[in-house]
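The values are calculated or read from the model by the stated rules, or taken from the named source; none is laboratory data. Just so we're clear, the structure is a prediction, and the values are computed from it rather than from any experiment. Cβ atoms come from the backbone with ideal geometry, glycine included; neighbour counts cover every protein chain shown. Accessible surface is based on the protein model in full, side chains and every heavy atom, while ligands, DNA and RNA are left aside. Shrake-Rupley method; radii C 1.70, N 1.55, O 1.52, S 1.80 Å.
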Amino acid sequence: MNPFAEGIAVAGDNLRANKLRSFLTILGVVIGVATVMVMASLVDGVRTQVFNALNAATPNAFYVMRFFSQTPLNPQNLPYEVRIRPVVDEEDADAIRRADDIRHAGLWLQSMVRIEYQDQRSQNVWVLGADDAYMDIKGGTVAQGRFFTQAELHGAEVAVLEQEMARRLFGQTNPIGETVRIGGRPFRVVGTWQQPDNVFQPPGFTIGAVVPYEVAKHSFRYSDTNDLFIVVLGRSGIPVTDAQDQATVALRRERGLRPGVPNTFDFITQDQILDTMNSLTSMFFLVMTAVSSVALLVGGIGVMAIMMVSVTDRTREIGLRMACGARRREILWQFLVEAASLTLVGGLLGILIGLTSGQLLKRALNMVSGVPIWSAVMATLVSIAIGLAFGLLPANRAARMDPVDALRHE
């Protein structure tokens, strides 16, 4: 039998002979690998859902904001480069709308409020103040009733509820014509809206309702910097970059910016949203990987400790093998393979647990995605590497034993 196969066989014998000790030894590896697998699965699911959501929305739509930041800014302590910029307003939207290849430009806002009906009350959800182009830009369908009309855009207290929100508040009751309180203000429900099937909304950030912008502006609290934006929709067949160029020219002219003066506004495109989401999920994955590495480190130390005990327990066996002609490198290799086999079993258990947990979480969050193959390969390689790294000291100790002293060991 070659040293590799022999090492695996000896490792298998030790696992079977000391099941509880072996399991406790590799527990840290199991937890660490399972955590990496779950995080990789969730991150991939979030990215897939965001990508699908962006594809469901109108591809030639983009947003104009006072200042684009990946994290919300404190309205009470805005940086100087933000304070010197004007707030986007109706005049800006009108200027963009007059451009040749712009189909629509409207001022929207978002606010985090509660929605109430009788004794039912939602958690804080996003409520959008928008216009009648909402369905064209965001996608989805009207499930019941209708969307608000042009006449209702200027002050009518009407609302279109997201379908799931309507179900939570009204149950089986038809919500059309009923009055709900949104942010403490009464609104008459004129319709319910069903989101596209592939739209992902993180828990706690659900769009609960859409109301006319003019009403939202006077009814809800919002930040001029974080929550106010112009939604721009280019004409069909026009590249979004061309529409952005025309919007830039129109805004600079409206604001009287001379050549060479930087823009006093920012654009947000679907590519930017995807890039931002990628950076956030990557950072989240890195943080969780760092946390799981602590479990892997603990597991590695446990492997090293149990291998040191194993070397001590098998001192006489090591001496006998050396007396029979086994070379030091064969002894070293045997214990390295044994340590790597232990952590490989831990890694495979972690992969199994991680895959199962990832599937359960994705179902709970209603996400559709596969588990990246690279994460399983990486988890397997990492578990083997841990066994080799932390098994090196015990294996080296075994290989350096004096055969005569080892044979005398009791």
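Quick check: net charge around G183, other residues with Cβ under 9 Å of its Cβ, Lys/Arg +1 and Asp/Glu -1?
Working: positive: R114, R181, R185, R221; negative: none.
Local charge sum for G183: +4.
Note on E91 and A385: their simple-model spin labels are 5.9 nm apart, each label 7 Å out from Cα toward Cβ. Ordered by 1.4 Å accessible area with all protein chains kept, M378, M37 run largest first as M378, M37.
Can you pull a Stokes-Einstein diffusion coefficient for region 111-176 at 4 °C (1.567 mPa s), Rh from Kirkwood over Cα pairs, as a whole number of µm²/s?
Numbers: Rh = 13.2 Å.
So the translational diffusion coefficient is about 98 µm²/s.
For region 207-231 and region 83-122, what is the separation of their C-alpha centers, rounded to whole Å? Each part's Cα centre sits 5 Å from the other's.
The alpha-carbon of K138 sits under 30 angstrom from the alpha-carbons of these lysines, leaving out residues fewer than 8 places away in its chain: K217, K362. Compute the Cα gyration tensor for region 78-130, then decide on rounded, prolate or oblate, letting a ≥ b ≥ c be the square roots of its eigenvalues: rounded whenever a/c is under 1.5, prolate when a/b is larger than b/c in the other cases, and oblate in all that remain. Oblate shape, in that a/c is at least 1.5 and b/c is the bigger or equal ratio.
Could you rank R252, R221, R103, R21 by how accessible they are, 1.4 Å probe, largest area first?
Details: R252 45, R221 220, R103 110, R21 85 Å².
Reading off the accessible areas and sorting them downward yields R221, R103, R21, R252.
Going by the alpha-carbon gyration tensor, a ≥ b ≥ c the square roots of its eigenvalues, is region 140-266 rounded (a/c under 1.5) or, if a/c is not under 1.5, prolate (a/b greater than b/c) versus oblate? Prolate. Once the Cα-Cα distance is subtracted from the 0.36 nm per residue extended length, the A143 to N77 segment shows a gain of 19.6 nm.
Here A305 and R363 are evaluated by their C-beta separation; at R0 = 41 Å the FRET efficiency comes out at 0.60.
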